[in-house]
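Here is the structure we will look at.
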Amino acid sequence: MKQQHIIRVVELFAGVGGFRIGLEGASDAYETIWNNQWEPSTQHQDASLVYQARFGRKGHSNKDINLVPTTEIPDHDLLVGGFPCQDYSVAATLSKSGGIEGKKGVLWWQIYRILQEKGDKRPQYIFFENVDRLLNSPASQRGRDFAIILASLADLGYVVEWRIINAADYGMPQRRRRTYIVGYLKNSVVAKKVERMEDWVEFDGVMAKAFEFRPKTNSVSSFDIEGTIKEVSDGFNKGRKDSPFGNAGMMMDRHVYSVDAEPVYDGPRQTLGGNLIDEKLVPEDFFISEEELPRWQYEKGAKKIERVSKEGYKYLFSEGGMAFPDYLDQPSRTIITGEGGSSPSRFKHVVKTKSGRYRRLLPIELERMNMFPDNHTLHPEVTDGRRAFLMGNALVCGIVEQIGKSLYQFIYDEAPVSSKPIFTAREARPMLDLGLFADEEKVLVVNRPKKQYTLDKAKHLLIGVVKKDNEEYFLKEEPKKIYYTGKTKTFPSTVSLNKLYYFMPYIKEKGVRDLYLITVARIGNKAEIHPESKDEEPRLVFELEYLESLPEYEMITLTRYWYKDTLLGRIFRD
């Protein structure tokens, strides 16, 4: 199933592998050859344990990145990582050998150190994630930290673009706003495609193609980041109230162009309720007792409390109320590291079940909010509380997947193919002995989340026969699939591809049942998925997203070409 292209990936601050899952879900070309995960001041390295169990020990480093020589990191094409948000100010100018003096604990400078020391072998591409406030920090000098990052990357030869993306704005199941940064060396294939910065940011670029948006009126900002890194640290935007960075933009040769972006999306949307497991499968200790319920209601409610400062001054602390229970018909709130544990908390999610009982979220449900495979963090040495902590630190894999697809297309000018969709459960890989996972119970749930959408019965529906050797694939309950037509010369010329919106697979002797949204229609070939066939004749390829099913299979009549172009309303009747 492998494509001939290989993009060698190094993953820093890897956590439990969110970047890896997202990129491998985007294309089989992404191959993680080395990764590092180290939790400081922690004896039990939970994230590292999970990462090794899911992906194996090869290329894994569980060592403080400050102590890892660049010579131990293999040459690679793409460097990725969700580096922590810290104070990026510098105490001295750059030196050729020592990086930024006085800032050894700030992990951004470890990224800089690796890129700098790789020299002419530094990766062509970089892809990072951070909190949304990065563009506005610190409060005393708005935008300084981001300016330092952009200036240092420019000095290393990178063109950089960024977006602040709320995953829920694009149909994903969690309201999680994060800054995503993608960079390209100036001599790379992607950087050479940049013509006008304005067009790249708003229409033509990797981020714009992955997540469509419209610019807010009067939000354009254009300026240069001047001076040494030390001068940027000391003086950038000093004395001004607001950050000059919009939430979408790019930097080339230290020149910045940015705008404020409003998301554009009209596809299916996932919700908290659509990702919950059956109440019968929930362990009793996740339910909230009647005795504890008032404490939870108090924590979630509005309150005003008189407090005394360290200096002895009295002041009134107040906070507004939060939804209790959490809304099931909306995406979840942002998962935080304190989500686990049974003690009442303002920030933990609480849902009301069909039976009327209240409960906390299970680790598997927290994984779904971040679009990880079911039970990805399940490990005999990792507690449920720590699993929740790991998801509070994680990113939304669906965001990485979309950006990874876009980046691949810009590099190779072709559509990516993946044999590892992000929802696919990965078998545990024992790292200590073969019996490590022998006592684990079989997973009883399937991650096919329910979504919110409106069926448009006036839109065109394509029905296509599934060949016998592919029927098992289309009978599996999975949220995304790929359908290959026959060779293009056999596809009916009467079908208007630009009008197709929905798709239903036709199973011989059964008929049609499952309805999919066509998310991508492109030209491909059978060898993409079955290289042993050596069949590279052009075929139409539809990338599909599951919506819903008829109550049972329904037989219909197809043309002699094994296809039928109709309207959705003729199959999905009221």
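The values are calculated or read from the model by the stated rules, or taken from the named source; none is laboratory data. Predicted model only: the values in this text are computed from it and were never measured. Every residue, glycine as well, gets a Cβ built from its backbone with ideal geometry; the counts of neighbours run over all protein chains shown.
Within the stretch 396-427, the set of residues being among the acidic types (Asp, Glu) and either surrounded by fewer than 17 Cβ atoms within 10 Å (Cβ to Cβ) or without any contact (Cβ under 8 Å) to a residue 40 or more places away in the chain (or both) comprises Asp413, Glu414, Glu427. Checked against the criterion of being buried (at least 24 other Cβ atoms within 10 Å of the Cβ) and polar (S, T, N, Q), the candidates Asn393, Asn375, Asn370 yield just one match: Asn370. Counted as qualifying within the stretch 156-274 are the strands (runs of 3 or more DSSP E) with 1 or more residues that are within 25 Å of Tyr112 (Cβ to Cβ) and of a type in the set (S, T, N, Q), namely 177-185, 221-224, 255-259. Check the stretch 244-261 and report whether any residue there is under 24 Å from Ala167 (Cα atoms), modelled with pLDDT of 95 or more, surrounded by fewer than 20 Cβ atoms within 10 Å (Cβ to Cβ) and within 26 Å of the chain's Cα centre (by Cα). Looking through the stretch 244-261, at least one residue is under 24 Å from Ala167 (Cα atoms), modelled with pLDDT of 95 or more, surrounded by fewer than 20 Cβ atoms within 10 Å (Cβ to Cβ) and within 26 Å of the chain's Cα centre (by Cα). Restricting the first member to the stretch 25-41 and to residues that are assigned to a helix (DSSP H, G or I), and the second to residues that are at pLDDT 95 or above and not polar (S, T, N, Q), the beta-carbon pairs closer than 6 Å and six or more apart or on different chains are Gly25/Glu401; Ala26/Glu401; Ala26/Gly404; Ala26/Lys405. Taken over the stretch 381-399, the criterion of being more than 14 Å from the chain's Cα centre (by Cα) and either closer than 18 Å to Ala53 by Cα or in a loop (DSSP other than H, G, I, E, B) (or both) is satisfied by Glu381, Val382, Thr383, Asp384, Arg386, Arg387, Ala388, Phe389, Leu390. Taking the stretch 497-574 and the strands (runs of 3 or more DSSP E) fully enclosed by it, the elements with 1 or more residues that are free of Cβ contacts under 8 Å to residues at least 40 places away in the same chain and touching a strand residue (DSSP E or B) at 6+ places or on another chain (Cβ under 7 Å) are at 511-524, 539-554.
A Cβ distance below 8 Å, combined with a sequence gap of six or more or placement on separate chains, defines the contacts here; from the stretch 173-196, residues that are more than 19 Å from Ala394 (Cβ to Cβ) and among the hydroxyl-bearing types (Ser, Thr, Tyr) reach residues that are modelled with pLDDT of 95 or more and not in a strand (DSSP E or B) in the pairs Tyr184/Gln124; Tyr184/Val190; Tyr184/Ala191; Ser188/Gln124.
Selection over the stretch 10-58 of residues that are within 16 Å of the chain's Cα centre (by Cα) and of a type in the set (Val, Ile, Thr) gives a count of 2.
Screening Gln174 with (1) surrounded by fewer than 19 Cβ atoms within 10 Å (Cβ to Cβ); (2) at pLDDT 95 or above gives one miss only, at (1).
Consider the stretch 222-246 and keep the residues that are of a type in the set (Phe, Trp, Tyr) and in contact (Cβ under 8 Å) with a residue 40 or more places away in the chain. The one that is nearest to Pro263 (Cα to Cα) is Phe245.
Out of the stretch 68-121, which residues are part of a strand (DSSP E or B) and modelled with pLDDT under 95? Within the stretch 68-121, Ser95, Gly99 qualify.
Given the criteria more than 28 Å from Gly171 (Cβ to Cβ) and of a type outside the set (Lys, Arg), does Tyr313 qualify? Yes. For Ser219, are the conditions met, namely being out of contact with any Phe, Trp or Tyr (no Cβ under 6 Å at 6 or more places or on another chain) and surrounded by fewer than 16 Cβ atoms within 10 Å (Cβ to Cβ)? Yes.
Against the definition (assigned to a loop (DSSP other than H, G, I, E, B), in contact with a Phe, Trp or Tyr (Cβ under 9 Å, 6 or more places away or on another chain), within 22 Å of Pro268 (Cβ to Cβ) and touching a residue at least 12 places away in the same chain (Cβ under 8 Å)), how does Glu477 come out, yes or no? Yes.
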